[in-house]
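Before anything else, here's the structure in question.
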Amino acid sequence: MKKIRLGLFLMSLLCSQVLLMAQNRWAINPEGGITWTIDQRIPHEDHIEMSGQKVSTVLRYGIDANGAFVLNRSMVWPMLRTIPNNTHASLMRRFAWKVTDMIEVDGRSLINEKVENITLDGKMTVNSHFEQAKDKVVGLTRILFPSTTQPMFCEKYILKNLSEKTIKVEVPSSTSVLQTDPNQGVDGSYKLVATLQGSTSRSLKKGEELTFSVFFIGYKPQEPEITPDIEKELAARQALVDELRGKLVLNTPNATINTLFAFSKIRGAESIYLTKGGFMHGPGGESYYAALWANDQAEYINPFFPYLGYRVGNESALNAYLHFARFMNPKYEPIPSSIIAEGIDIWNGAGDRGDAAMIAYGASRYALARGDKGEAEQLWPLIEWTLEYCHRKLNKEGVVTSDSDELEGRFPAGEANLCTSSLYYDALLSAVYLGKSLGKPAAQLNSYAKKAQTLRKAMDKYFGGTVEGFNTYQYYKGNDVLRSWICIPLTVGIYDRKEATIDALFSPRLWTENGLLTQAGTETYWDRSTLYGFRGVIACGEVDKAMDYLKFYSNRRLLGEHVPYAIEAWPEGSQRHLSAESGLYCRIFTEGLFGIRPTGLHAFDLTPRLPKEWNEMSLNQICAFGKIFDIHVQRIQKKLDVRILTDGKVVKHARIKDGATMSVSF
């Protein structure tokens, strides 16, 4: 009966997927971005976050009922710190300035705007026209993006005469300056400048165009003023996007998955801020900047950065772990959950969330994939300390205790939760691999291996059980309602209860059109558990069970009503585009679909999971384990033909059975 219900649910999902794709608001364009061609489905509004090293902006944008563009810029300056200088103390202001109201054409304001399309591709491009009169039509292109290195948001406007007659265009100069209250700023009063650059008064013949630009800039006291150059800033932003698109390139037969993967690299990598404490990756969401978390940074995204090969990403990852290492102590008191305010303060409001396990897991995986012995030696003391901390937190049943988990008390987690012990288990295994590469004592590494074996047995005994009819896991002792984090053992190579766990994950009790519910019977979902779930289900060999759900999810996030990235949560946060979740989307493929498991500084196990509906897939320009290499997988005569290439030359070739693992070393 359970299988019948699951079959009916899957059939319903497939029908929903077909319907969803037919109603997509956005479409992939030939250049690899996505475009919304405006039709009768208006009004519609959405929001997207874009970031640079000194600024972040949430654009709340859309089309009103008349077809005109609406925009509100929520500006965030992470290094303009406010008082109290806590987690949320980045200076924020909203600017709804409608620039087009200031432009005159033949002595009249621009009127009757009709937006034709909007494109997202690491920047936002809006194409529209204004119907000034029957014989006078003016085209306008807006290009919106953050500066890569300055505390500035940039907007380029290109106005074009689309009519037969010559028109007279007047663009004024304009500068608006706001001085913030000096009593509310760590450094005193901050100066916020909104300026329109490109003042002119000229005639445009048919087909001629002119360009002007707008900048929103934030300054500390006595900082020299910037002379903004829109073309230089646009070129820098495009160069960053091109760099990220050109590394770690996923090629599969599914264009939606390929494109969401490409977008996820951008969101995952752009949200890194140059603070007084060095490069710090920040989640964003108008809340979390110039700070570090043991989950978002140490656990979620830092282990991904070596594969991407983005220098700033790797620097931010190492910097994060070294910041946490500052808090190691001989009494083994907890490391703080978060290091805030550019590294000068901490937040520990949820107590011990299992943070040491998160850090041990992430630091050991990062060090292995990075393939840099010097960095690994720097991180080894932190890995040792966090592993010992977890060992000291074992209860009498042999699993790791903590005050809460990464949801910080939003949902019950008991005195010991499945997530923390799973991360500790994986960290022990990674430490064995890393320790061998560093020549650490065999007795120490054997101890880690034995602890992992003992922990795995204890986890199954303590957490294993029947929940709502599924022989899966209790998230904590006494938990009798299904939780999405039952997926996490699958991500660390524990497959003992995989069938029932997968059935539970994809049952109507947990799966919804927005992914996994955090807890059955609620309406709350957090993408992070959905993304872990996909990775785990694919990694354990059930790729074909996961594919329809993964395609559905990817289509919804990339081409649906709220695009183009993975989100944090709902209803909390209104589906903010927090950055680390995009890293988790990419890890579905690096660790799940391609099955890369680091086993040394220059070695990894590879267990590719090629879906039956695909004949080939590749992951190119992988920048890990001290090399740049490609992985090509092709189905030939019921086996998988796997080729590892560097500089276009095959360095390893094997034909393996579906589900088999091959070892690769450089």
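As an exercise, use a Förster radius of 41 Å and the Cβ-Cβ distance of Gln453 and Ile344 to find the FRET efficiency, rounded to the nearest 0.05. Please list the in-between numbers first.
Numbers: r = 42 Å, r/R0 = 1.02.
The calculated FRET efficiency here is 0.50.
May I ask you to order 170-178, 60-68 by the average number of other C-beta atoms within 10 Å around their residues, highest value first?
On the way: 170-178: 13.2, 60-68: 16.4.
Answer by packing, highest mean first, reads 60-68, 170-178.
Follow-up. Per-residue HN-Hα couplings for the range 625-634, Karplus 6.51 cos²θ - 1.76 cosθ + 1.60 at θ = phi - 60°, whole Hz, x for Gly and Pro?
6, x, 9, 10, 8, 10, 10, 10, 10, 9
Let me ask you something else. What ranking of Val58, Val70, Val137 emerges when the number of other C-beta atoms within 10 Å of each C-beta is taken as an exposure proxy, fewest first?
Val70, Val137, Val58
Between Arg41 and Thr149, what's the calculated FRET efficiency when r is the beta-carbon distance and R0 is 41 Å? Round to 0.05.
Rounded to the nearest 0.05, the efficiency is 0.60.
May I ask you to sort Ser203, Ser74, Ser582 by Cβ crowding, counting other Cβ atoms within 10 Å and putting the fewest first? Please list the in-between numbers first.
Working: Ser203 11, Ser74 17, Ser582 31.
So the residues, fewest neighbours to most, are Ser203, Ser74, Ser582.
Moving on. Straight-line reach only, C-alpha to C-alpha below 18 angstrom: list the lysines that Lys450 could link to, leaving out same-chain residues fewer than 8 apart.
Lys393, Lys396, Lys436, Lys440, Lys461
Using the C-alpha gyration tensor of the chain, what are the square roots of 5 times its eigenvalues, in whole angstrom, with the largest one first? It would help to have the intermediate numbers written out before the result.
Numbers: eigenvalues 392, 168, 112 Å².
Equivalent ellipsoid of the chain: 44, 29, 24 Å, largest first.
Hey, another quick one. Taking a quarter of the surface of the Cα convex hull of the range 306-437, what do you get in nm²? Don't jump to the answer; show the numbers that get you there.
Values: hull surface 34.3 nm².
Seen from a random direction, the Cα hull of the range 306-437 projects 8.6 nm² on average.
What number, in percent, do you get for the relative contact order of the chain if the mean sequence gap of Cα pairs under 8 Å and at least 6 apart is divided by its residue count? Show your work: numbers first, answer last.
Numbers: 1502 pairs, mean separation 75.4, N = 666.
Worked out over the chain, it gives 11 percent.
Which aspartates and glutamates, on any chain, are close to Lys477 with Cα under 16 Å apart, when same-chain ones fewer than 8 places away are left out?
Answer for Lys477, where 16 Å is the Cα cut-off: Glu397, Asp403, Asp405, Glu415, Asp460, Glu468, listed by chain and number.
What GluC sites (Glu not before Pro) does the range 589-645 have in DSSP loop regions with at most 15 other beta carbons within 10 Å? Please list the in-between numbers first.
Working: sites: Glu591, Glu613, Glu616; in loops: Glu613.
Taking the range 589-645 and a limit of 15 other Cβ atoms within 10 Å, the loop GluC sites (Glu not before Pro) found are Glu613.
Let me ask something else. Tell me which lysines have Cα within less than 24 Å of Lys191's Cα, excluding those fewer than 8 residues away on the same chain?
Lys54, Lys98, Lys156, Lys220, Lys232, Lys276
What trypsin sites (Lys or Arg not before Pro) in the range 253-286 are in a loop by DSSP, with at most 15 other Cβ atoms within 10 Å of the Cβ?
Numbers: sites: Lys265, Arg267, Lys276; in loops: Lys276.
Those that pass, being in a loop and sparsely packed, are Lys276.
Positive end of the charge dipole of the chain (Lys, Arg +1 and Asp, Glu -1 on Cβ, about the Cα centre): tell me which of Asn24, Ala500, Thr275 has its Cα farthest that way.
Towards the positive end, the residue furthest out is Ala500.
Ordered by packing density, taken as the mean number of other Cβ atoms within 10 Å over each peptide's residues, highest first, how do 428-435, 92-99, 191-198 rank? Mind dumping the intermediate values first?
On the way: 428-435: 24.8, 92-99: 15.4, 191-198: 18.2.
My ranking of the peptides, most packed first, is 428-435, 191-198, 92-99.
Assuming R0 = 25 Å, can you tell me the calculated FRET efficiency for the pair Thr512 and Asp480, based on Cβ-Cβ distance, to the nearest 0.05? Write out the running numbers ahead of the final one.
Numbers: r = 21 Å, r/R0 = 0.82.
It comes out at approximately 0.75.
Where the centre of each part is set by its Cα atoms, how far does the range 295-327 sit from the range 147-186, in angstrom?
35 Å
Quickly estimate the mean residue ellipticity at 222 nm for the chain, helices only: each DSSP H run with n ≥ 4 gives -39500 (n - 2.57), and the total goes over all residues, rounded to 500.
Per the formula, -10000 deg cm²/dmol.
If I take every Cα pair under 8 Å that is 6 or more residues apart in the range 21-161, average their sequence separation and divide by the length, what percent do I get for the relative contact order?
On the way: 298 pairs, mean separation 29.5, N = 141.
Once normalised by length, the contact order is 21 percent.
Taking neighbour Cβ counts within 10 Å as the exposure measure, how do Ile359, Ile567 sort from fewest upward? Provide the component values of the computation, followed by the final result.
Working: Ile359 32, Ile567 23.
The fewest-first ordering by Cβ neighbours comes to Ile567, Ile359.
What nm distance separates the two modelled labels at Gln23 and Glu131, each placed 7 Å from Cα along Cα→Cβ?
Output for this residue pair reads 2.9 nm.
Evaluate Rg over Rh across the range 247-606, taking Cα atoms for both radii and Kirkwood's formula for Rh.
On the way: Rg = 18.7 Å, Rh = 20.1 Å.
Rg/Rh: 0.93.
In nm, what is the difference between 0.36 nm times the number of residues separating Asn395 and Arg94 and their Cα-Cα distance? Numbers along the way, then the final one.
Working: separation 301, 0.36 × 301 = 108.36 nm, distance 4.93 nm.
Gain on extension, Asn395 to Arg94, equals 103.4 nm.
Based only on Cα atoms, what mean projected area does the convex hull of the range 211-330 have, in nm²? Spell out each step's value before the answer.
Details: hull surface 43.9 nm².
Over all viewing directions, the range 211-330 projects a mean Cα-hull area of 11.0 nm².
Now, a different point. For the chain, with the dipole built from +1 on Lys and Arg beta-carbon atoms and -1 on Asp and Glu ones, taken about the Cα centre, which of Asn446, Ala357, Gln519 lies farthest toward the positive end?
So the residue we want is Asn446.
I would also like to ask the following. When ranked by the protection proxy of mean other Cβ atoms within 10 Å per residue, highest first, what sequence do the peptides 400-406, 557-563 form? Walk me through the numbers before you get to the answer.
On the way: 400-406: 23.1, 557-563: 21.0.
Per-residue Cβ counts within 10 Å, averaged per peptide and sorted highest first, yield 400-406, 557-563.
List every DSSP H helix in the chain whose Cα atoms extend 15 Å or more along the helix's own long axis and whose mean Kyte-Doolittle hydropathy is at least 0.5. List each step's numbers first, then the result.
Details: long enough: 2-22 (30 Å, 1.35); 230-246 (24 Å, -0.31); 255-270 (23 Å, 0.36); 311-325 (21 Å, -0.05); 355-370 (22 Å, 0.29); 373-392 (28 Å, -0.74); 418-438 (30 Å, 0.83); 442-463 (31 Å, -0.77); 527-539 (18 Å, 0.08); 543-559 (23 Å, -0.51).
Span-like helices in the chain: 2-22, 418-438.
Using alpha-carbon positions, what is the distance between the centroids of the range 97-129 and the range 504-520, in Å?
Comparing the Cα centres of the range 97-129 and the range 504-520, I get a distance of 42 Å.
Read-outs: derived from the displayed coordinates by stated rules, not from any lab. Not measured: the values here are computed from a predicted model. FYI the Cβ positions are ideal-geometry reconstructions off the backbone, even for glycines, and counts take in every protein chain you see.
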